[in-house]
1. By how many nm would the segment from residue 37 to residue 17 grow when fully extended, if each residue of separation counts as 0.36 nm and the alpha-carbon distance is taken off?
2. Between residue 5 and residue 26, what is the spin-label point distance in nm, taking each point 7 Å from the Cα along the Cα→C-beta axis?
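Here, each number is a calculation from the coordinates, and none is a lab measurement. Predicted model, so just to flag it, every value in this text is computed and none were measured. FYI the Cβ positions are ideal-geometry reconstructions off the backbone, even for glycines, and counts take in every protein chain you see.
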């Protein structure tokens, strides 16, 4: 019985560690693609700068993306 528990523990630790590797790799790839996209936008539209924290994940916090403006005339703070 103890051998089965140890085997299950090892399996889950291995799966967890592999998942961390995959997610870290995906995060690095995404960061690289985002940086390339920003570079390409600045080539097309000179003077464009990334938003503060756009390339530094540690600087982006909760609510880092502002809400889109609404065109609903009844909504508070609407554009209409």
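1. Here the answer is 4.2 nm.
2. Here the modelled spin labels are 3.3 nm apart.
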